[in-house]
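Notes follow once the structure below has been shown.
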Amino acid sequence: MKQVSPDEAVGLKFPEWLIMVVSRDAKGQPNVQPAGWGMICSGDPLYVAVAISPENYTCQCIRETGEFVFAWPGEGQDELIMQTGTCHGNEVNKFEEFNIPWSEPVATNVPLLDGAAANLECQVMHEYQPGDCVMFIGEVVAAHVPDEPIGKLSNFAGKFAVARPL
Ligand SMILES: Cc1cc2nc3c(=O)[nH]c(=O)nc-3n(C[C@H](O)[C@H](O)[C@H](O)COP(=O)(O)O)c2cc1C
């Protein structure tokens, strides 16, 4: 066994499930960013966690409204991941710029992402900053799946693979 540095260790994380974190700012403008650092962290009640850089507009949006949508991106959303992960919602309205299709939520005011494998509407329960990212823990207050199952995307260092439902 050989020792590696923390910088090398973070590169060992792939494959990584991706999350699309949808939010809305205080003025009502919707925003979305991909996040590799997201997970379910409680089953009962159902809580999810996302780690968001405080420099991202998403962090400000979630703090302003206390809500977000945790969506697993679906097959065919590769381009959307790269589009929304390389610009900031305070500089561009991503939903307009990239013509992102969405559906009405039922329990929050945050748009649901059409084409995602699932959309979980969340209300923020806790916020921590253990290091350089802010961890938002959200309680899932409503969950949505497409009429026909859609495969989830996994990130292999910038190349996306589809996990199809069995
Ligand atoms: C594949 C991928 C994974 C990413 N994972 C994260 C993440 O886990 N946390 C994070 O804060 N940013 C992550 N980013 C970067 C943000 O998505 C990016 O900075 C985005 O432009 C922020 O948008 P916003 O300023 O509108 O919130 C990721 C980007 C990509 C392309």
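Values in this text are rule-based calculations from the coordinates and carry no lab data. As the structure is a prediction and not an experimental result, all values here were calculated from the model. A quick note on method: Cβ atoms are made from the backbone with ideal geometry, for glycine too, and the neighbour counts reach across all protein chains shown.
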### Distance between region 44-111 and region 118-140 - C-alpha centres, whole angstrom
12
### Message
How would the chain be classified by its alpha-carbon gyration tensor: rounded, prolate or oblate, with rounded meaning a/c under 1.5 and the a/b versus b/c comparison settling the rest?
### Response
rounded
### Task
For the chain, set up a Gaussian network in which alpha carbons nearer than 10 Å are linked by springs, and say which option among Asn56, Asn99, Asn31 fluctuates the most.
Asn99
### Task
In a Gaussian network model over the chain where Cα atoms closer than 10 Å are linked, find which of Val145, Val69, Val32 has the largest mean-square fluctuation.
Val145
### Query
Say R0 is 35 Å: what FRET efficiency, to the nearest 0.05, do Leu166 and Phe98 get from their beta-carbon distance?
0.65
### Task
Count the net charge of all other residues whose Cβ sits under 15 Å from the Cβ of Pro105, scoring Lys and Arg as +1 and Asp and Glu as -1.
-4
### Message
Over 20 Å between Cα atoms: which of Lys2/Lys159; Lys13/Lys152; Lys27/Lys152 fall into that group?
### Response
Lys2/Lys159; Lys27/Lys152
## Note on the structure
Note, region 21-35: 3J(HN,Hα) by Karplus (6.51, -1.76, 1.60, θ = phi - 60°), whole Hz, Gly/Pro = x, goes 9, 9, 8, 9, 7, 5, 7, x, 6, x, 8, 8, 9, x, 9
### Query
When you count, for each residue, the other Cβ atoms within 10 Å and take the mean per peptide, how do 112-120, 90-98 rank with the highest first?
112-120, 90-98
### Task
Report the GluC sites (Glu not before Pro) located in region 19-71 that are in a DSSP loop and have at most 13 other Cβ atoms inside 10 Å of their Cβ, or state none.
Glu55
### Task
Which order do the peptides 17-25, 151-159, 136-144 take when ranked by the mean count of other beta-carbon atoms within 10 Å per residue, highest first?
17-25, 136-144, 151-159
### Task
Using 0.36 nm per residue of separation minus the Cα-Cα distance, give me the extension gain between Ala143 and Cys41 in nm, one decimal.
35.1 nm
### Residue-count net charge about Arg63 - beta-carbon cut-off 11 Å; Lys, Arg +1, Asp, Glu -1
-4
### Summary
So, relative contact order of the chain in percent, Cα under 8 Å, 6 or more apart, is 26
### Query
If Lys and Arg each add +1 and Asp and Glu each add -1, what is the summed charge of the other residues whose beta carbon sits under 15 Å from the beta carbon of Glu121?
-3
#### Entry: Amide H partners (placed H, <5 Å) of Ala118, local residues excluded
Trp72
### Query
Roughly how big is the chain's charge dipole about its Cα centre, with Cβ charges of +1 (Lys, Arg) and -1 (Asp, Glu), in debye to the nearest 20?
360
